[in-house]
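Trainee: Following this message is one structure expressed as structure tokens.
Read-outs: derived from the displayed coordinates by stated rules, not from any lab. Bear in mind that the values here come from a model prediction, so they are computed numbers and not experimental data. Please note: Cβ atoms are built from the backbone with ideal geometry, for glycine as well, and neighbour counts cover all protein chains shown.
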Amino acid sequence: MVAAPRANGINHAAVDRFTLAHLAGGYVARIFGLAPAPAAIIAVLWESSEDFLKTTYPDAFPNATHDSKANALADLAAFGVGYWLAGRLKRGK
């Protein structure tokens, strides 16, 4: 499954409603001047610790189900696209 059509597909499909939040995270990281390497490290650290945090603090998440591998990779890609997009839009001004 590529996109989550319903709430029960969240974190299991590659793309879900939280993918947009990861794209926004990349965008914000670039706007605030975070260099590419630290931005990528933060994104990878977040994705690699997200399931642990969901298990430990489930109430802190709107949906505490664990991410599938496809979802985690899509979230990292979305972060990268957001970072790239912010750079493109900044140069266009």
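Trainee: Can you compute the charge dipole magnitude of the chain about its Cα centre, using +1 on each Lys and Arg Cβ and -1 on each Asp and Glu Cβ, nothing else charged? Give it in debye, rounded to the nearest 20.
Mentor: Magnitude of the dipole: close to 580 debye.
Trainee: Measure nothing but the geometry: give the 0 to 90° angle between the long axis through the Cα atoms of 19-31 and the longest principal axis through the Cα atoms of the chain, rounded to 10°.
Mentor: 30 degrees
Trainee: Report the extension gain between L20 and N63 in nm, rounded to one decimal, defined as 0.36 nm multiplied by the number of residues separating them, less their alpha carbon distance. All intermediate terms of the calculation are to be shown ahead of the outcome.
Mentor: Values: separation 43, 0.36 × 43 = 15.48 nm, distance 1.48 nm.
Working it through step by step, the gained length comes to 14.0 nm.
Trainee: Separate question: Could you give the Stokes-Einstein D for segment 30-91 in µm² per second, using the C-alpha Kirkwood radius, 10 °C, 1.306 mPa s?
Mentor: 124 µm²/s
Trainee: Here is a follow-up. Can you give me the angle between helix 36-56 and the longest principal axis of the chain, using Cα atoms only, in degrees from 0 to 90, rounded to the nearest 10?
Mentor: 20 degrees
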